[in-house]
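Please treat every number below as a calculation from the coordinates, not as lab data. Just so we're clear, the structure is a prediction, and the values are computed from it rather than from any experiment. Positions of Cβ are generated from backbone atoms using ideal geometry, with glycine treated the same way; all protein chains shown enter the neighbour counts.
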Amino acid sequence: MSRSYEIPADVVCADDYERVARERLSPQALAYYAGGAADELTVDWNRRAFGRIALKPRVLGTAAGGGTGLSLFGQEFAHPILIAPTAHHRFADPDGEIATVVGAGGAKAGMVVSTEADLTLEEIAGAARTPLWFQLYIQHDRGFTLELVRRAERAGYGALVVTVDAPVFGMRNREQRAGYQPPKLSEHANLKGLHTTYFAHAELGESIMFNGFLDVTAQWADIAWLRANTTLPILLKGILSPEDAVLALEHGADGIIVSNHGGRVLDTSPASLDALPGVVRVVEGRVPVLLDGGIRRGTDVLKALALGARAVLVGRPCLYALAVAGPAGVAHLLHVLRCEFEIAMVLTGCAKLEEIGPHMLWDDGLREGQYSVSR
Ligand SMILES: Cc1cc2nc3c(=O)[nH]c(=O)nc-3n(C[C@H](O)[C@H](O)[C@H](O)COP(=O)(O)O)c2cc1C
């Protein structure tokens, strides 16, 4: 991969980064970054869901004196656009997650660091000038899991994002076709020393799932256990159904991230945006609800907030920006998204995040009844 931190002149939005990154990444890395599960219908739906909703322009008001700042779990954010946790940033840049976090700092964006980052959580925190949260995969070894939590606490992470929608890999056919081989768990920088005893693997004629593997995967009781063992706020990432949102609150979650893992786990699960109103409705404002999946434009950010999200996270575009122009690319991408978001706010007559709501959506652009939310 040729390394250049120059942003090509014709790269002016998130999709432009994807176009250029496709030329720069190896076929295996591209399959890993871009792909989803099976036929990738959910990957597609995540984006299409935003295109189905129209915004309601408002004229001749004034948004003077407004802003995009918000406070989440006691931390201050300049705007509601965060970097979603994604693994293996070294496919995109030799400096891996350090390059990403430097870019995040430039754009004053919060970042969620993956358990499966290519660098340790301490190395990444050491380079950070922006709020960081740690994304936790509950490991089969709960003692090791707790040690990860302690490390995140010591390194100054402001919240735990516990990803609950991926007890197993989805059927990643695109990765299989490209010959992508995921590294072993114990080879991940944060998981050195972890002994994994159970794998999703089956010989012909054997069951892949019902062979003891599920005996050690995380369950609701593990969330209550985590809650009792850390003072950090806990967000559950990967909630789509209102039923699970209710259980999340019952087990002590401080926040919910509506997400389908970028369509990488269960193909034909709904678009995150389509699942958002149902979750917002049952949560009734008790904890912040965030969303990821398919955010590529500032108008997408506005629509997610209008439907009840407090903030959004962006996954693949950050990887593509990293591949194209390292930290400068990440900073530029996030800056562009923020600019687009602010422009959309002004054109829909809105000065502050608290003023954003479903009234900013054009009713004719909505499927009947689906998007009526109360906040
Ligand atoms: C290459 C890649 C790696 C990912 N790795 C993780 C991970 O380690 N942990 C996690 O919780 N989510 C992971 N995700 C899911 C993202 O956090 C996020 O849910 C998703 O990318 C959002 O959709 P978007 O890519 O359309 O923005 C990954 C996504 C991608 C594309």
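Taking Cα atoms, how many degrees apart are the long axis of helix 220-229 and the longest axis of the chain, rounded to 10 and kept between 0 and 90? The helix 220-229 is inclined about 80 degrees to the chain. Over the C-alpha trace of region 14-365, radius of gyration and Dmax come out as 19.5, 68 angstrom. In a DSSP loop and with at most 16 other Cβ atoms within 10 Å, the GluC sites (Glu not before Pro) in region 183-217 are Glu203, Glu206. Nearest 10 degrees, 0 to 90: what angle lies between the long axis of helix 272-283 and the longest principal axis of the chain (Cα atoms)? Orientation of helix 272-283: about 90 degrees from the principal axis.
Among 51-63, 114-126, the peptide with the highest mean count of other Cβ atoms within 10 Å heads the list, and the full ranking is 114-126, 51-63.
Helix 96-106 axis versus longest C-alpha principal axis of the chain: approximately 20°, rounded to the nearest ten. The HN-Hα couplings worked out from phi for region 207-214 by the Karplus form 6.51 cos²θ - 1.76 cosθ + 1.60 (θ = phi - 60°) are 7, 7, 9, 9, 9, x, 3, 6 Hz, whole numbers, x standing for Gly and Pro.
Computed on region 120-192, with alpha-carbon pairs under 8 angstrom and 6+ residues apart, the relative contact order is 36 percent. Around the amide H of Val314, modelled in the peptide plane, lie the amide H atoms of Leu82, Ile83, Ala84, all under 5 Å away and 5 or more residues distant in sequence or on another chain. Taking 28 Å as the straight-line reach from the Cα of Lys56, the lysines in range (excluding those fewer than 8 positions away in the same chain) are Lys303, Lys352.
What you get for region 14-365, charging only the Cβ of Lys and Arg (+1) and of Asp and Glu (-1), is a dipole of about 680 debye around the Cα centre.
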